[in-house]
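Take a look at the structure below.
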């Protein structure tokens, strides 16, 4: 009879089974955690739109009124009313603040009169033109071509009002 040799690695099988058990346990725990997040409400919350587009003339969900409750007026008076109805602070908060809050690339900062001294002397129309068409490091319309000229002018007025 031959004598049985002892196994070269007696704990190899128990280590392997322990590792496989730990991996299986980890997979089961992760699967159950993910299953808890898959309720219909959680799925609907993840899939809902992040915003809503309100087109002029359509009813807006936020206020229950039409996007424009006033009919458009013709002539220069209508343009002045349209420009005054635009919230310059809101336009500024959308894109302009990225540079005009920090002074990036030499942009004059909101509320810093010393940054605006030389620019104010050029006049509002020049500042409007620079903002609309771009000037030095500033891209046209602050890099947002979707802005109307009136929106850009309202943002410029907001900036200028902060230093006048």
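Readers should treat all values here as calculations from the given coordinates under stated rules, not as data from a laboratory. On a predicted model such as this, the values are computed, not experimentally measured, just so you know. All Cβ positions, even for glycine, are placed from backbone atoms using ideal geometry, and neighbour counts span all protein chains on display.
Based only on other Cβ atoms within 10 Å, what is the fewest-to-most ordering of 133, 52? Before the final figure, lay out each step's value.
Numbers: 133 13, 52 8.
Least crowded to most crowded, the residues run 52, 133.
Taking the number of Cβ atoms within 10 Å of each Cβ as an exposure proxy, the fewest-first ranking of 41, 112 is 41, 112.
Sequence-distant contacts, meaning Cα pairs under 8 Å at least 6 residues apart, place the relative contact order of the stretch 88-161 at 39 percent.
Report the gain in length on full extension from residue 19 to residue 125: 0.36 nm times residue separation, minus Cα-Cα distance, nm rounded to one decimal. Don't jump to the answer; show the numbers that get you there.
On the way: separation 106, 0.36 × 106 = 38.16 nm, distance 7.38 nm.
Contour length minus Cα-Cα distance gives 30.8 nm.
Can you compute the equivalent ellipsoid semi-axes for the stretch 88-161, i.e. the square root of 5 times each eigenvalue of the Cα gyration tensor, sorted largest first and rounded to whole Å?
Numbers: eigenvalues 53, 36, 29 Å².
Ellipsoid half-lengths, sorted descending, are 16, 13, 12 Å.
Annotation for residue 28 and residue 44: the two label points, set 7 Å from Cα along the Cα-Cβ direction, are 3.3 nm apart.
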